[in-house]
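Quick note: the coordinates plus some simple rules give every number you see, no bench work behind them. Model, not experiment: these values are computed from the prediction. For neighbour counting, all protein chains shown are included, and Cβ atoms are generated from backbone atoms with ideal geometry for every residue, glycine included.
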Amino acid sequence: MDKAFQGEHLLPGHLGQAFVILSFGAALLSTISYYFATTNTNKLDNSWLRMARLAFYANSISILGVVVCLFYVIYNHYFEYHYVWSYTSRSLPVYYIVSGFWNGQEGGFLLWTFWQAVLGNILIRRAKSWEKPVMTVVSLSQLWLASMLIGIQFLGARIGSSPFLLLRNSGIDAPILSQLDYLSFIKDGQGMNPLLQNYWMVIHPPTLFLGLASVVVPFSYAIAGLWQKRYKEWIAQAIPYALFAAMILGTGVIMGSLWAYESLSFGGFWAWDPVENASIFPWLIVLGGLHVLIVFKNTGHSYFTGTMLILLSFVMVLYTSFLSRSGILGETSVHSFTDLGMFWQLVSYIVVFLGISVWLLIARWKELPITKKDEETYSREFWMFVGAIFLGLSCFHLVLVTSIPVWNAIFGTKVAPPTDLVGHYNVIQASFAMVITILTGFTQFLKYKKTDITRFFITTGLYLLCAALITIPVVYATGLYKLHFVFTLVMLGSIYSILANGKVLADALKGKFKLAGSAVAHIGFGLMLIGALIAAGTRGVVSKNEQGTIAVSGFDKSSGIGDARENVMIYKNEPVKMGDYTVTYLGDSVAAPKRYFRVDYKRYDNDGKIAEEFVLRPNVLTNPQAGSEPSPVPDTKHFLLHDLYTHITALPVAKQPTSSESEEAAAHGESDDKNYDPPVAHQIAVGDTIRFREGFIVVKALVREKTLQNIPLTDSDYAFGAKLEVVSNGKTYQAEPVYMIKGKNAFDFARTVDDAGLKLMLTKIIPDKNKVEITVYQQPENKKPWIVMRALDFPYINFLWAGTVIMIIGFLLAIFRRNKELKTT
């Protein structure tokens with residue numbers, strides 16, 4: 001029985017599991033009730049609707065209960081729960097404990113269902129006549145997500161994975177877990193992956209999951225419109241929600257890019273990792289569907305395409321979840337989760353919602369408002385339709401290549417991805433981006449239904465010429481022309497789009513304000529592409545190694561460390577010329593789980609004076625609890641027009657001790673003398689100077705200490721500290737070694753100056769000569785600490801981040817406009 005195990009806190013887990021089951025039951029009741037409320041022909045009977053609402057409220061409250069219980073066990077470090085033990089530790093600060101909440105699969109599903117519950121409650125208040133059919137779909141999605149958290153065995157199959165699973169029931173093969181007092185041996189959890197200990201990972205997952213959850217709303221309106229045969233009415237209702245989904249999804253994806261840029265060491269912000277690719281599947285499709293819905297609203301054209309894309313966007317959300325959570329990408333992505341036994345449960349989620357969509361489209365095919373008259377070639381709706389198709393094709397290409405492991409699993413094949421996968425994605429996706437940017441530009445000069453062709457060609461030709469005149473010096477100044485020609489075309493399209501939409505924005509400021517949203521969003525998108533193109537395509541290597549070799553085992557082009565020609569080996573306190581900078585490795589310090597390396601950058605002017613100086617602190621993360629390999633984390637100096645990005649690529653296996661470690665060793669009678677040359681003793685007076693290999697030491701004063709490392713001192717005890725000023729390689733440091741006489745015994749407490757490679761000891765007081773003896777230990781010159789580092793320059797990357805903010809503002813303006821239109825209709 002559970003009570004036999006000592007120290008377990010079972011109540012919050014039992015309560016949380018009860019809330020999980022209640023959320024499932026409430027979602028099931030809500031789905032059934034909303035379905036019958038929708039199909040009920042008696043308009044005066046609202047009993048099904050009342051029951052449906054109460055059930056959905058119960059589902060929402062249950063989810064909150066699960067959230068509170070899970071946070072409670074995480075915050076209190078109840079490591080008897082497998083989820084808590086797997087993803088947190090006592091050393092984590094509160095804000096990382098919060099992010100530990102969604103660190104695992106179960107937390108991700110809980111976050112998803114939480115946001116969907118929030119959106120459902122908003123729909124209950126705002127959907128009005130659409131509430132019944134729309135909430136039927138939302139409740140059905142809630143039912144499926146609730147099943148992902150149940151974690152029970154049913155008819156031999158596992159359904160879901162509970163966040164309240166006990167560690168001793170998790171299947172871990174450890175004899176200790178069968179002991180009644182096993183918790184007395186578990187002092188801490190495995191902790192969080194050090195790379196996830198970043199502030200972006202506190203806000204990126206909630207934002208991304210809100211975006212994924214919000215796609216269900218336009219999907220639900222599309223299903224409701226087909227189901228209720230209100231084919232046209234749902235469009236206006238769905239557009240604001242589609243705008244919101246596109247805005248939040250895009251924001252979440254860029255937040256992930258920022259995290260990768262700040263925390264990962266592949267040297268960039270996007271690596272075309274399969275899970276990264278999957279995150280933009282629904283974004284591309286919902287963007288395409290959104291534009292086609294706007295076309296239909298204005299002209300009556302392209303109903304089927306718009307509806308299909310909106311339906312497909314949520315299916316892509318489900319497929320994205322399948323790719324990242326089923327374990328299918330385990331060998332091709334560093335971001336994917338392992339399989340928790342929910343493979344077929346995830347597949348069923350896709351099949352059910354895809355099946356409903358396909359069935360309704362087929363069943364209502366003959367009734368759909370499909371316009372038989374073709375769009376005019378020189379009309380805005382025609383080219384917006386073309387743009388949506390290219391967004392869909394872009395997504396199709398990503399799905400096709402990213403899903404190679406899926407195709408291999410289905411067909412039993414062994415198809416390999418392209419050899420140069422990054423280059424493949426870059427060229428193909430850049431081609432789609434080029435077309436889309438051109439379309440977002442010249443469609444601004446077209447009108448719905450019909451356009452004056454002569455005026456269109458003159459106007460768009462003039463703007464295209466201006467864009468070309470700007471593009472030519474830009475690609476030559478940045479060196480973009482040296483890459484594949486398609487990148488130059490993307491630059492041309494982006495600049496053209498910015499100019500064309502700039503004209504629309506200028507017109508909006510003159511009174512046509514309803515056009516401002518799309519113009520601002522397109523300008524932001526263009527700036528994003530410009531920043532991404534230049535930063536990723538023309539990034540420069542600052543740490544050029546002309547010799548092409550690094551004296552570290554395995555450091556070559558074929559190794560996992562990197563290309564020796566792009567890395568520099570730097571010994572401590574030995575300046576190295578690197579591009580325009582003189583770089584010096586000053587030292588390191590440990591603040592677990594991070595080991596920071598201080599790297600000083602100086603740039604001199606023509607007169608030899610320091611024109612610029614700053615210190616970067618790249619670090620290396622370790623997670624001893626999980627036994628992970630050290631992970632380098634970059635540090636970046638941000639300038640207005642470029643970023644200087646530095647990360648450690650190699651370091652000695654055995655690190656030199658820090659000051660605190662040396663003192664602790666001394667306090668325990670241990671010695672680190674083996675790390676230094678033989679000591680040299682100097683008998684000197686206050687004010688005298690001691691020379692060493694890279695500088696000098698000045699004895700500033702001798703002071704009597706009143707306290708010493710929590711050692712009680714009596715009136716008969718003496719402790720003296722020598723205040724020393726150490727000057728090494730132009731830097732000044734302070735140190736105060738201590739000499740103590742306690743009883744009849746003498747003790748000395750050394751101080752290390754890591755940046756100077758010194759250990760200093762006050763080893764004797766010589767009162768008759770008014771002198772002291774300072775013993776100097778210096779690290780051997782041939783055993784100096786060293787690092788290998790790589791420094792990259794990312795030009796104009798701020799265009800990417802600024803463009804994202806501008807695009808978000810554009811989406812907000814568009815949402816306000818569409819909501820205002822709804823209120824006036």
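Stokes-Einstein diffusion coefficient for the range 674-782 at 20 °C in a medium of 1.002 mPa s, Rh from the Kirkwood formula over Cα pairs: what value in µm²/s?
Rounded, D is 149 µm²/s.
Which value at 222 nm does the chain reach when only helices count, each DSSP H run of 4 or more adding -39,500 (n - 2.57), with the total divided by all residues and rounded to the nearest 500 deg cm²/dmol?
-16500 deg cm²/dmol
In units of 2.2 N^0.38 Å, what is the alpha-carbon radius of gyration of the range 721-825?
Dividing the Cα radius of gyration by 2.2 N^0.38 Å gives 2.41.
List the lysines whose Cα lies under 23 Å from the Cα of K577, skipping any in the same chain that are fewer than 8 positions away.
Once the sequence-local lysines are set aside, what remains near K577 is K544, K557, K602, K609, K637, K731, K783, K784.
So for the chain, averaging the separation of alpha carbon pairs under 8 Å that are six or more residues apart and normalising by length, what relative contact order in percent results?
Worked out over the chain, it gives 10 percent.
Ranked highest first by the average count of other Cβ atoms within 10 Å around their residues, in what order do 119-127, 143-151 fall?
Descending mean neighbour count gives 143-151, 119-127.
Separation between the T419 and I176 pseudo-spin-labels, each 7 Å from Cα along Cα→Cβ, expressed in nm?
4.9
Does a label point 7 Å from the Cα of A591, set along Cα-to-beta-carbon, have any residues of the range 193-220 with amide nitrogen under 18 Å, and which are they?
Backbone N within reach: 194-202.
What FRET efficiency would be calculated for the residue pair R603, F396, taking the C-beta separation as r and a Förster radius of 60 Å, to the nearest 0.05?
It comes to 0.80.
Cα centroid distance between the range 264-286 and the range 501-531, in Å?
26
Beyond 21 Å, how much of the Cα-Cα pair distribution for the range 1-122 remains, as a whole percent?
Summing the P(r) of the range 1-122 above 21 Å gives 49 percent of all pairs.
Extension gain R230-Y95, at 0.36 nm per residue separation less the Cα-Cα distance, in nm?
Net length gain for the segment: 43.9 nm.
Quick one: which of 750-762, 17-29 comes out on top by average Cβ neighbours within 10 Å, and what's the full order, highest first?
The packing order, highest mean first, is 750-762, 17-29.
Applying 1/(1 + (r/R0)^6) with R0 = 35 Å to the Cβ-Cβ distance of I410 and K637, what FRET efficiency is obtained, to the nearest 0.05?
Efficiency, rounded to the nearest 0.05: 0.15.
With 22 Å as the limit, write out which pairs from K510/K823; K297/K514; K128/K232 have Cα-Cα distances beyond it, or answer none.
Result: K510/K823 exceed 22 Å.
Sticking with the crude label model, points 7 Å out along Cα→Cβ, report the distance from S348 to I766 in nm, one decimal please.
Here the modelled spin labels are 8.7 nm apart.
Full extension from K723 to A802: what is 0.36 nm times the residue separation minus their Cα-Cα distance, to one decimal in nm?
Roughly 23.4 nm would be gained on extension.
Between the range 137-177 and the range 216-236, what is the separation of their alpha carbon centroids in Å?
For the range 137-177 versus the range 216-236, the Cα centre distance is 34 Å.
How many percent of the alpha carbon pairs in the range 414-558 exceed a separation of 19 Å?
Of the Cα pairs, 62 percent sit more than 19 Å apart.
First measure r as the distance between the Cβ atoms of V680 and T549, then evaluate 1/(1 + (r/R0)^6) with R0 = 41 Å and state the FRET efficiency to the nearest 0.05.
My answer for the efficiency is 0.70.
Could you work out the pair-distance distribution P(r) of the chain from its alpha-carbon pairs, with 10 angstrom bin width and percents rounded to whole numbers?
Final binned percentages: 2, 11, 18, 20, 18, 14, 9, 5, 3, 1, 0, 0.
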